[in-house]
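The values are calculated or read from the model by the stated rules, or taken from the named source; none is laboratory data. Small disclaimer: the values here were computed from a predicted structure and weren't measured. Here the Cβ positions follow ideal geometry from the backbone for every residue, glycine too, while neighbour counts run over all protein chains shown.
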Amino acid sequence: MDQDNRKRNDDEESAKAHGDAPSDPVPAAIPPPRAAEEEALPPASEGKDPAETGPGGRHDHDENHPLKAKLKRKDHEIKELKKEAHELKDKYLRFAAEMENLRKRLDREKTDFLQFAQADLLKELLGVQDNFERALKVLSGPENPAAAEGIALIAKQLMELLRKRGVTEIEAEGKPFDPTVHSAVVSAESKDVKEPVIGEVFQKGFRLNGRLLRPALVKVLVPAES
């Protein structure tokens with residue numbers, strides 16, 4: 001080891017004598033602070049307008065473009081939903097009107113049924129009433145006062161029952177002839193009338209709740225030809 005140290009020292013002295021530079025590496029030069037700052041700065045944009053890259057510039061416009069497209073789609077969807085809602089409301093109103101008309105029609109049909117379902121029975125009872133009135137005409141003399149009184153009482157009770165069920169008598173004798181409620185059995189000319197008038201009633205007519213139940217059978221007097 002001593003020999004190695006002596007050899008190293010001899011080599012160093014020989015190098016100094018010949019003017020050789022030391023073998024230790026030289027550290028790299030440290031750049032001045034200004035140069036370091038310039039290197040840290042990003043390169044400037046060449047040929048670009050700052051207004052295009054800054055706030056509100058072209059890049060911002062490009063970034064907002066998807067948002068505007070999305071808002072436009074949303075507006076379109078809202079318009080379509082409003083249109084659909086309007087159509088559904090219109091359909092609902094029409095359906096509600098149809099249901100209301102149907103309800104009214106069913107109520108009317110129900111009322112008509114309750115009022116006129118017994119029409120056939122009441123018409124048959126009118127035939128019984130007619131027979132009572134014919135019997136009273138036969139028994140109108142003094143021979144059978146008790147029988148006539150009894151039949152009259154029964155006829156009166158039957159007529160009251162018919163009235164409670166909505167049956168009303170049609171006026172006929174002495175009234176102008178109305179073909180909707182009067183049925184002409186026979187006609188005769190008369191100088192005392194200027195228009196067709198009912199001269200005699202053979203069978204009374206009746207209405208049921210305002211609707212014709214049975215027409216009156218009548219004799220019609222017509223103006224005589226001059």
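Looking across the range 201-226, the residues that are of a type outside the set (A, V, I, L, M, F, W, C), surrounded by 14 or more Cβ atoms within 10 Å (Cβ to Cβ) and closer than 14 Å to residue 166 by Cα come down to 205, 207, 209, 214.
Given the criteria hydrophobic (A, V, I, L, M, F, W, C) and either in a strand (DSSP E or B) or surrounded by 14 or more Cβ atoms within 10 Å (Cβ to Cβ) (or both), does residue 161 qualify? It would help to see each step written out before you state the result.
Working: hydrophobic (A, V, I, L, M, F, W, C): yes; either in a strand (DSSP E or B) or surrounded by 14 or more Cβ atoms within 10 Å (Cβ to Cβ) (or both): no.
In short, no.
Here's the yes/no breakdown for (1) more than 23 Å from residue 201 (Cα to Cα); (2) outside any helix (DSSP H, G or I); (3) charged (D, E, K, R):
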{"site": "71", "(1), (2), (3)": "yes, no, no"}
{"site": "94", "(1), (2), (3)": "yes, no, yes"}
{"site": "104", "(1), (2), (3)": "yes, no, yes"}
{"site": "109", "(1), (2), (3)": "yes, no, yes"}
{"site": "127", "(1), (2), (3)": "no, no, no"}
{"site": "130", "(1), (2), (3)": "no, no, yes"}
{"site": "151", "(1), (2), (3)": "no, no, no"}
{"site": "174", "(1), (2), (3)": "no, yes, no"}
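Please determine, by comparing only the residues of the range 172-198 that are exposed (fewer than 14 other Cβ atoms within 10 Å of the Cβ) and among the charged types (D, E, K, R), which one is farthest from residue 210 (Cα to Cα). This residue is 191.
For the range 140-192, the set of residues classified as closer than 30 Å to residue 116 by Cα and among the small types (Gly, Ala, Ser) consists of 152, 155, 166, 172, 174, 183, 184, listed by residue number.
Restricting the first member to the range 142-158 and to residues that are within 23 Å of residue 127 (Cα to Cα), and the second to residues that are polar (S, T, N, Q) and modelled with pLDDT under 90, the beta-carbon pairs closer than 9 Å and six or more apart or on different chains are 148/140.
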